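K.L.:
Here it is, the structure, as C-alpha cells.
The values are calculated or read from the model by the stated rules, or taken from the named source; none is laboratory data. The shown structure was predicted, so the numbers you read here are calculated from the model rather than taken from an experiment. Using ideal geometry, Cβ is built from the backbone for each residue, glycine included, and neighbour counts are taken over all protein chains shown.
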Amino acid sequence: MTYPQGEDTSTVMAHVSHPTHPDIIKRLKRADGHLRNVIGMMEADRPCMDIVQQLHAVERAVAAAKKVLVHDHIDHCLKHAVEDEGLDPRTAVDEFKEITKYL
C-alpha cells in the first residue's frame, strides 16, 4: 500500500494493488489494438459502417475495463479503508459517491 506524500492518512485512502489489474491491462491493450485497427481502416478509406462497428467494439471494451476497475475499487479499497485503516466513514462515502459518477 502507498499513500500520497505529505497527506494526512486519516482522510486519504491507501493505494492497494489488486489481482484484477493484470486482466484490466489485457483488456485495455486489446482495445488499443482495435483502436489502431480503426485508424488503419480510416486511412484505407474503408466503409463508414465497418469503422463505426469497430469503434463501438472499442468503446465497449474500454467501458468494461472501467466497470471492473470501479467495482474492484468499491469492493476492496473502500472496504479496506474503513475496516482496516480506520478511515472516517464519511470520507469513504464521499469517495464512493465520487467514483460512482464514472459508472
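K.L.:
Name the residue, out of V82, V93, V58, that is crowded, with 16+ Cβ neighbours inside 10 Å, among the β-branched types (V, I, T) and modelled with pLDDT under 90.
P.N.:
Only one candidate qualifies: V82.
K.L.:
Turning to a different aspect of this structure: Condition check: assigned to a helix (DSSP H, G or I) and of a type in the set (K, R). Does R36 satisfy that?
P.N.:
yes
K.L.:
Suppose the filter is exposed (fewer than 15 other Cβ atoms within 10 Å of the Cβ), modelled with pLDDT of 95 or more and hydrophobic (A, V, I, L, M, F, W, C); does M49 pass it?
P.N.:
yes
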